[in-house]
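Where a number appears in this text, it was derived from the coordinates with a stated rule and is not lab data. None of these values were measured; they are calculated from a predicted model. Every residue, glycine among them, receives a Cβ derived from its backbone with ideal geometry; neighbour counts consider all protein chains shown.
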């Protein structure tokens, strides 16, 4: 059954008219099997650049690498490693590219070696638990991910998150950052950003303690002393709002409080910073953190502020607001924003791109222009903001794909001069965390390999690696012996796919559809 939900129309309205909720429109979510893309743009030719205008501005790509190890029985998982690797490209950024590879780059060999080492430790734990009546074994794992929070011609800042479990009552996680000067290739520390580092530390401590005072109920009693002692060695990164300090679990609060992130706004410490590191360049992409304000120059040269605020009027409800220069517009109740980026270009045009979840992972990404101090919607698409690619004219989106099971997938999109999202690729790359098992065939599967029709025999296992979501899926066998395409048919008002007129369920032992 199709889900209907009220969509609040934000675009094409002045924020001064948003004191009240905007009119609600009825909008339908796509059924399982329907295309999740609502862009009418044709796919560009493979390999086409996002935009000639992007030359002279770097592009960042992030790929997730993974490796899994099993016990001798071939079924019990011992260990899993999942890590992001970051690459940077762009003419004139050779030193920055080398620095990113050195500081944030990983290889599949790196991940495989880490998995081997972790599995060796986990195997000892597993063998011990097998002989204990009331013991149980939880697989070891290490997960880390990267996300671009600020990118311009001078600075790349990446927020990193990690969580490890190697036995015990629980794992341990945290957040930190890596910030790089793309001109020199230098890994930046806070003293590099400052003209007056002593003055900065004094002001930063004052601001951090002021914000933490509102959250003291979740902190240790002596948190103030801990901040004074630890601030200069605390992890940090840059985003659109300012310098974000990351206090690890147990640093100033209990494990249950998690990583505590406190923003020191650029506006409050600009007097201490070197101008080249302030967020004032003509062209940039910055993350807009929730409940913080990001300043940008309007086309007329005046400074504007934009941000999101999530309010909870009651224990069971929340309301999300978009705020531009102090004027509020409600985006709706019981929805949650996850990611937002501000794209400012040399011609002064500024676009805000954000996503939110209506309910049960029904994500929508919205593009709106805020150049003139008003909010004008320019595009919407059923997807969430991904982390796979970020540039001045490029953004990765993440989709839920219903092809031979439910899968997450990535695709790069071009953010055009006029704020439209257009795909730069012809297929969705499916994200698979564990590729060792695959889908078991119970019947010979008709496929195409190197332009010729053939079959993958029953008993084989395949991995679906990509799809155009319109009738073609790319696959490879788990043993690596065969790779090609599967042609399928999607019928109206039918949740299953068909291969040569036969239901997909007749070909596979199990299809992992969600829900």
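When both region 247-263 and region 477-512 are represented by their alpha-carbon centers, they are found 47 Å apart.
By the Kirkwood approach, averaging reciprocal distances over each pair of separate Cα atoms, region 78-138 gets a hydrodynamic radius of 14.3 Å. Gain on full extension, evaluated as 0.36 nm per residue between residue 95 and residue 479 minus their Cα-Cα distance, stands at 134.3 nm. The protection proxy used here, the mean number of other Cβ atoms lying within 10 Å of each residue, ranks peptides 267-273, 107-113, 178-184 as follows, highest first: 178-184, 267-273, 107-113. Relative to the longest principal axis of the Cα atoms of the chain, the long axis of helix 94-104 lies at roughly 70 degrees.
The calculated FRET efficiency for residue 420 paired with residue 209, based on their beta-carbon distance and R0 = 51 Å, is about 0.70. Taken along the Cα-to-beta-carbon direction at a fixed 7 Å, the label points for residue 311 and residue 278 span 3.2 nm. Principal axis analysis of the Cα atoms in region 439-506 yields extents of 36, 23, 19 Å, listed in decreasing size. Counted residue by residue at 0.36 nm each, then reduced by the alpha carbon distance between them, the extension gain from residue 70 to residue 452 reaches 133.9 nm. With the highest mean first, a sort of the peptides 191-197, 59-65, 389-395 on other beta-carbon atoms found within 10 angstrom per residue produces 389-395, 59-65, 191-197. With 0.36 nm allotted per residue and the present C-alpha distance subtracted, the residue 431-residue 145 stretch has 101.5 nm of extension available. Working from Cα pairs under 8 Å separated by at least six residues, relative contact order for the chain is 13 percent. Against the chain, whose longest principal axis is taken from its Cα atoms, helix 108-130 shows a tilt of about 70°. Using all alpha carbons of region 290-448, what is the percent of pairwise distances in each 10 Å bin, ordered from the shortest bin to the longest? Spelled out bin by bin, region 290-448 gives 9, 33, 30, 16, 7, 3, 0 percent. Each peptide in 418-424, 479-485, 449-455 receives the mean, over its residues, of other Cβ atoms within 10 Å, and ordering these scores from highest gives 418-424, 479-485, 449-455.
Computed over the chain, the quotient of the alpha carbon radius of gyration and 2.2 N^0.38 Å is 1.05. Hydrodynamic analysis of region 402-488 uses the Kirkwood radius over alpha carbon pairs. Inserted into Stokes-Einstein at 10 °C and 1.306 mPa s, it gives a translational diffusion coefficient of 113 µm²/s. For residue 442 and residue 164, the FRET efficiency from 1/(1 + (r/R0)^6), where r spans their Cβ atoms and R0 equals 22 Å, is about 0.05.
Here the simple spin-label model places points 7 Å from the Cα toward Cβ, and for residue 255 and residue 129 these points are separated by 1.6 nm. Between the beta carbons of residue 325 and residue 268, assuming R0 = 25 Å, the FRET efficiency works out to 0.85 to the nearest 0.05. Reducing region 364-391 and region 288-316 to their Cα centroids gives an inter-centroid distance of 15 Å.
Relative to the longest principal Cα axis of the chain, at what angle does helix 197-212 sit, 0 to 90 degrees, rounded to 10? Helix 197-212 sits roughly 70 degrees off the main axis of the chain. The convex hull of the Cα atoms of region 154-280, projected and averaged over all directions, covers 8.4 nm². Computed over the chain, the per-residue total of -39500 (n - 2.57) for DSSP H runs of n ≥ 4 gives a 222 nm mean residue ellipticity of -4000 deg cm²/dmol, rounded to 500.
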